[in-house]
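S.K.: Take a look at the following structure, please.
A short reminder: the numbers here are calculations on the coordinates, not readings from a lab. Just so you know, these numbers come straight off a predicted model, no measurement behind them. Cβ coordinates were reconstructed from backbone atoms using ideal geometry, including for glycine residues, and neighbour counts include every protein chain displayed.
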Amino acid sequence: MSRKLRVGGLVPLTTLDYPGQLACVLFCQGCAWRCRYCHNPQLIPPRGSEELDWCRVLGFLQRRQDLLDAVVFSGGEPTLQDGLPGAMEEVRAMGFRVGLHSAGIKPKAFARAVAGADWVGFDVKGLAEDVPAITGVERSGVANWRSLEHLLASGVDYECRTTVHWQLFEPARLLLLAQRLQAFGVKRFAVQLVRTARMLDPQLSDAPVQVMVPDLWQHIREMFPQFVLRG
Ligand code: SF4
């Protein structure tokens with residue numbers, strides 16, 4: 001089954017994508033959402049022009065067994081691929097920890113994938129009612145938050161992260177999002193200011209937008225045992 005995993009790219013070594021681990025990142029091909037700020041638009045189509053054969057990916061990982069701690073399945077949206085659980089098992093059998101980056105587009109498939117992961121970087125796109133304006137997909141907010149419920153119920157280690165482009169996020173909505181996440185029981189939260197070098201929607205400004213909100217970050221920081229601001 002895992003032989004069908006479609007991998008659209010690979011980063012051989014990173015310390016940023018799985019906290020505290022030396023990891024390789026596999027970018028899984030395909031995504032059902034169209035986030036306006038998506039910085040990997042080449043991974044959205046179900047088939048990519050530069051896909052890597054899964055056997056060659058395994059060969060690469062075999063040669064790195066003594067050098068890497070973990071393999072992170074990122075995307076795109078890895079949980080849309082039926083081959084993901086099998087691929088995770090193969091990687092684990094080689095001795096690697098398994099990381100997952102996901103927005104939980106299909107909650108049931110996400111829950112299955114979480115069961116095979118040691119750590120999850122979960123994209124909370126926004127307040128459930130605001131998410132469709134970011135992803136372009138109706139009911140995507142419901143799916144995103146249902147998957148968050150699965151994640152918190154699983155007991156698997158995680159970080160929730162939200163990407164912010166100030167054209168898509170009012171500061172007051174970001175504060176409300178943080179409050180809702182806190183009420184949901186989220187303990188580890190990160191806000192990532194968008195990377196504007198490459199975005200799906202050319203209408204979005206690629207100039208840094210300054211938003212001056214007194215004490216916004218301090219308010220949010222105080223809500224979580226762990227909070228990180230990136231970018
Ligand atoms: S940012 Fe959005 S569109 Fe891009 S891969 Fe992630 S979920 Fe899909």
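S.K.: Can you give the % of DSSP beta bridges in the chain that are antiparallel, to the nearest 5?
M.R.: On the way: 6 of 34 bridges.
Taking every DSSP beta bridge within the chain, about 20 percent pair in antiparallel fashion.
S.K.: Amide H of Val164: which non-local residues (sequence gap of 5 or more, or other chain) have their own amide H closer than 5 Å, using H built in the peptide plane?
M.R.: Gln192, Leu193, Val194
S.K.: Another question, then. Label-point separation (nm) for Ala115 and Glu129, each offset 7 Å from Cα along Cα-to-Cβ?
M.R.: 3.5
S.K.: Moving on. Which one, Leu22, Leu67, Leu177, has the greatest fluctuation when you compute a Gaussian network model over the chain with C-alpha springs under 10 angstrom?
M.R.: Leu67
S.K.: Within the set of other residues whose C-beta is less than 14 Å from the C-beta of Pro19, count the net charge using Lys and Arg as +1 and Asp and Glu as -1. Before the final figure, lay out each step's value.
M.R.: Details: positive: Arg97, Arg161, Lys187, Arg188, Arg230; negative: Asp17, Asp69, Asp118, Asp157, Glu159.
So the environment of Pro19 carries a net charge of 0.
S.K.: If amide hydrogens are placed 1.01 Å from N in the peptide plane, which non-local residues have theirs closer than 5 Å to the one on Val25?
M.R.: Val11, Leu13, Val72
S.K.: Also, I was wondering about something else. Compute the long axis of helix 84-93 from its Cα atoms, compare it with the longest principal axis of the Cα atoms of the chain, and write down the angle in degrees, 0 to 90, nearest 10.
M.R.: Approximately 60 degrees, to the nearest 10.
S.K.: Another question, if that's okay. Below 8 Å between Cα atoms, with a sequence gap of 6+, how large is the relative contact order for the chain in percent?
M.R.: On the way: 462 pairs, mean separation 42.8, N = 231.
Relative contact order comes out at 19 percent.
S.K.: Return a whole-number percent for the relative contact order of the stretch 1-54, with Cα pairs under 8 Å and 6 or more residues apart as the contact set.
M.R.: 42
S.K.: Per residue of the stretch 194-199, in order, report the coupling 6.51 cos²θ - 1.76 cosθ + 1.60 (Karplus, θ = phi - 60°) as ³J(HN,Hα) in whole Hz, putting x for Gly and Pro.
M.R.: Couplings: 4, 8, 9, 4, 8, 9 Hz.
S.K.: Taking R0 as 22 Å, what's the FRET efficiency between Glu170 and Ala207 from their Cβ-Cβ distance, rounded to 0.05?
M.R.: 0.75
S.K.: Using the Cα centre as the reference, give the magnitude of the dipole from point charges on the C-beta atoms of the chain (Lys, Arg: +1; Asp, Glu: -1; all else neutral), rounded to the nearest 20 debye. Please report the intermediate quantities before stating the final value.
M.R.: Working: 26 positive and 23 negative charges, 59 e Å.
Using Cβ point charges on Lys, Arg, Asp and Glu, the chain gives about 280 debye.
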